[in-house]
Ligand code: COA
Ligand code: AMP
């Protein structure tokens with residue numbers, strides 16, 4: 001099939017408002033918009049201004065009304081608890097409406113914030129949907145973050161309530177969430193009035209009287225009375241959720257998502273980018289704590305009337321590297337979406353792909369990869385073993401959906417390894433040099449999106465328009481800066497090569513080395529430090545920390561290194577995967593005192609490097625190289 005991509009992208013270029021108005025016809029609105037985009041409101045304009053809608057209604061009730069009530073909406077597959085449970089659209093709608101009434105009982109009103117701190121269980125999706133149903137703004141916090149990170153988010157979002165579970169299960173380990181939740185609330189200034197806690201049998205938690213409520217009891221109580229809430233009409237421009245993501249400082253950025261534009265964009269992608277039909281099973285093997293989980297576990301498949309899969313397991317070890325293939329065959333998954341790191345983990349344990357042959361994989365049509373650069377080796381291995389197209393696509397928490405991809409629904413374009421293919425409609429991509437001047441095909445620079453951003457992208461940062469402008473709009477007038485560097489070739493294929501800031505990507509998880517430095521620097525024996533991301537065969541990148549100790553410290557360096565590892569784990573969380581730390585005598589710096597992190601990374605990654613002309617003392621780079629090779633850390 002020849003691709004309709006160029007025709008569709010051209011139609012968007014010719015009439016962007018007409019394009020998105022047509023896409024918006026796939027959504028059910030209580031009130032239509034006054035303007036498709038109002039260029040005079042918000043930071044760069046607002047989509048579907050004046051319209052009213054409800055996201056949960058579009059994800060649930062609408063399909064029940066259209067006759068999909070008995071179809072599976074959500075399949076929960078949990079190898080770690082040996083559970084498979086399916087919710088039909090009718091059942092999920094009832095569960096969500098009942099939980100929404102519990103939120104109302106807890107005093108949650110439209111516009112209030114609710115933090116969701118939960119593992120990969122169906123109740124996490126129900127929690128998000130219940131908030132959407134009553135117009136409350138959810139903020140999901142990933143389970144791998146430590147109490148301090150949760151506290152930071154509590155203080156920024158100021159939630160009325162927190163929804164949580166007593167524990168998560170990571171492979172064979174039970175991680176108690178409740179002590180982390182209690183600690184976070186203790187640390188925070190803006191304490192929520194209530195917590196709803198789902199008790200899991202693996203580690204029931206003790207509840208604090210007057211603040212904590214038992215989830216199952218509250219839901220059962222409302223079910224007994226047939227008490228339900230919502231859906232309420234909210235403005236298309238009202239926030240649906242806040243999702244915190246790493247920025248360049250310890251203070252995470254609260255990415256805001258609206259209701260209307262988000263629905264329009266996500267619904268469009270299900271058909272045109274992912275090539276999925278309503279009724280098919282779409283599996284995003286991510287976590288609801290990340291943007292992929294928000295968009296493609298929770299919202300998009302349900303907006304589309306497809307079946308979503310909530311998987312509480314890992315690609316390997318639950319129980320073996322055939323875990324993904326078992327799920328695909330058991331639930332007839334049509335498309336899998338995950339991060340390349342998951343495939344590297346599988347390939348490491350089963351290089352021949354011998355587990356694939358044990359399962360009937362005939363339902364799988366496409367594999368989608370995102371979250372980090374997809375290395376050609378991983379793509380080619382997956383293509384050869386799965387015998388389906390493997391699509392790399394590029395996006396960010398900020399955009400909520402793909403900036404560039406290969407549109408399977410419109411007909412695939414030829415794959416060029418190393419490129420996530422072409423700009424999606426809505427994104428007018430330009431490569432800019434440092435002065436903000438567009439460069440030619442094949443030339444590298446910062447990848448920027450000409451404003452306005454398309455529907456679904458962040459309108460601002462929570463409570464901080466100024467930080468939004470500073471972080472994204474101030475670099476290049478009239479553009480959103482992605483902070484990703486790369487180039488576009490003669491055929492319009494985009495290549496995303498590296499971040500231009502200190503954000504690193506560890507196993508598909510976005511982390512800030514600047515934030516890690518802030519934590520490391522609090523150790524009493526550390527005079528100064530640098531944290532860089534170094535290449536890792538499994539996780540893509542892992543952090544490496546370099547410490548210079550205060551004069552006169554007599555404690556053993558190994559002991560301090562171990563303390564620093566513990567400190568980052570305690571302050572940021574295990575997800576930081578901060579395990580490589582080394583004490584050095586000095587850090588390489590320019591004469592003006594700037595630490596040469598880029599050169600340190602090149603040394604660690606075994607790339608060619610030159611001594612910067614502005615270096616203070618060239619000998620320090622050799623010292624760093626020696627320390628790294630002493631740890632077996634130079635590639
Ligand atoms: N709750 C609590 N702890 C968590 C957690 C959660 N939800 N998720 C991860 N952690 C912990 C892990 O147990 C691990 O702890 P450890 O240092 O004590 O072993 C640590 O955080 C690092 O986790 P991770 O980076 O995921 O490493 P891993 O070795 O456990 O697994 C992979 C590696 C590749 C198997 C795993 O990262 C994976 O499946 N990735 C899939 C891609 C993905 O989900 N990407 C998200 C964006 S699409
Ligand atoms: P996150 O906000 O966690 O989704 O991370 C976004 C960042 O991950 C981007 O800015 C990129 O640096 C990187 N990224 C995501 N997907 C890709 C991809 N397909 N190719 C290259 N980099 C990617």
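The values are calculated or read from the model by the stated rules, or taken from the named source; none is laboratory data. Predicted model, so just to flag it, every value in this text is computed and none were measured. Note that each Cβ is placed from the backbone with ideal geometry, even for glycine, and that neighbours are counted across all protein chains shown.
Observations on the model:
- Check on residue 440, in contact (Cβ under 8 Å) with a residue 24 or more places away in the chain, surrounded by fewer than 21 Cβ atoms within 10 Å (Cβ to Cβ) and assigned to a loop (DSSP other than H, G, I, E, B): no
- Helices (runs of 4 or more DSSP H) contained in region 93-209 and holding at least 2 residues surrounded by fewer than 18 Cβ atoms within 10 Å (Cβ to Cβ): 178-187
- Filter result (over 20 Å from the mean Cα position of the chain (by Cα), in contact (Cβ under 8 Å) with a residue 24 or more places away in the chain and not in a loop (DSSP other than H, G, I, E, B)) within region 541-568: 544, 545, 546, 547, 548, 549, 557, 560, 563, 564, 567, 568
- Screening residue 179 with (1) in contact with a helix residue (DSSP H, G or I) (Cβ under 7 Å, 6 or more places away or on another chain); (2) over 22 Å from residue 286 (Cβ atoms); (3) within 16 Å of ligand 1 (Cβ to nearest atom) gives one miss only, at (1).
- Among the residues making up region 569-596, those that are surrounded by fewer than 19 Cβ atoms within 10 Å (Cβ to Cβ), in contact with a helix residue (DSSP H, G or I) (Cβ under 9 Å, 6 or more places away or on another chain) and assigned to a helix (DSSP H, G or I) are 569, 570.
- Residues of region 322-352 that are in contact with a strand residue (DSSP E or B) (Cβ under 7 Å, 6 or more places away or on another chain) and surrounded by fewer than 21 Cβ atoms within 10 Å (Cβ to Cβ): 331, 332.
- Annotation note: of 499, 601, 510, the sole residue that is within 16 Å of ligand 2 (Cβ to nearest atom) and without any contact (Cβ under 8 Å) to a residue 24 or more places away in the chain is 499.
- On the stretch given as region 443-470, residues that are in contact with a strand residue (DSSP E or B) (Cβ under 8 Å, 6 or more places away or on another chain) and outside any loop (DSSP other than H, G, I, E, B) total 9.
- Residue 149 vs. criteria at pLDDT below 95, assigned by TED's automatic domain parsing to the domain that holds residue 96 and closer than 28 Å to residue 79 by Cβ: yes
- Selection of region 386-398 for residues being crowded, with 22+ Cβ neighbours inside 10 Å and more than 10 Å from ligand 2 (Cβ to nearest atom) yields only 390.
- Enumeration of residues in region 339-376 that are in a loop (DSSP other than H, G, I, E, B) and within 16 Å of ligand 1 (Cβ to nearest atom): 339, 350, 351, 355, 370, 371, 372, 373, 374, 375
- Look at (1) more than 24 Å from residue 129 (Cβ to Cβ); (2) assigned to a loop (DSSP other than H, G, I, E, B); (3) at pLDDT 95 or above and you find that residue 29 fails only one, number (1).
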